[in-house]
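A quick write-up on the structure given underneath.
The values are calculated or read from the model by the stated rules, or taken from the named source; none is laboratory data. Since the structure is predicted, the reported quantities are computational estimates derived from the model, not experimental observations. When we count neighbours, we look across all protein chains shown, and the Cβ atoms used for this are built from the backbone with ideal geometry, even at glycine. Each accessible area value is taken on the protein alone, full model and side chains, heavy atoms only, with ligands, DNA and RNA left out. Shrake-Rupley method; radii C 1.70, N 1.55, O 1.52, S 1.80 Å.
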Amino acid sequence: MTTRPILTIGDLGVRLAAARQSRGLTQAALAERARVSRQWVSAVESGRRMGVEFASVLRVVAALDLRLELRAPGPPAVVGTADADEPEHEVESYLHELGVL
């Protein structure tokens, strides 16, 4: 099964909402577990929160028993080549798209 990448805050919200619902949690219950406000969960799930605190995202991911994985698209770079720094740049760009940086 291929999982589509999360490229926007809206994508993140949809995925977190689906994970929360599949676990039978309310927004309030997830918020309590993750030590964020219910309003924060609601805003992220609806895509209204453009800048999210990365630490809060990590707490929500942990509360949902999920794993956050950052991967560069395509084959991995070979260490020691001229393009060895490219994956770091791609990760940084991706985090900018998410509104984290």
>> Can you report the number of residues in region 35-44 which are open to solvent by 50 Å² or more (accessible area, probe 1.4 Å) and farther than 17 Å from Leu66 by Cα?
In response: 3
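So which of Val60, Val52 is out of contact with any Gly (no Cβ under 8 Å at 6 or more places or on another chain) and either hydrophobic (A, V, I, L, M, F, W, C) or modelled with pLDDT of 80 or more (or both)?
Details: Val52 fails: out of contact with any Gly (no Cβ under 8 Å at 6 or more places or on another chain).
Residue meeting the stated conditions: Val60.
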> Gly47: open to solvent by less than 40 Å² (accessible area, probe 1.4 Å) and at pLDDT below 85, yes or no?
Replying inline: no
> Can you name the residue in region 12-34 that is under 16 Å from Leu66 (Cα atoms) and of a type in the set (D, E, K, R) and, of all such residues, is surrounded by the fewest Cβ atoms within 10 Å (Cβ to Cβ)?
Replying inline: Arg23
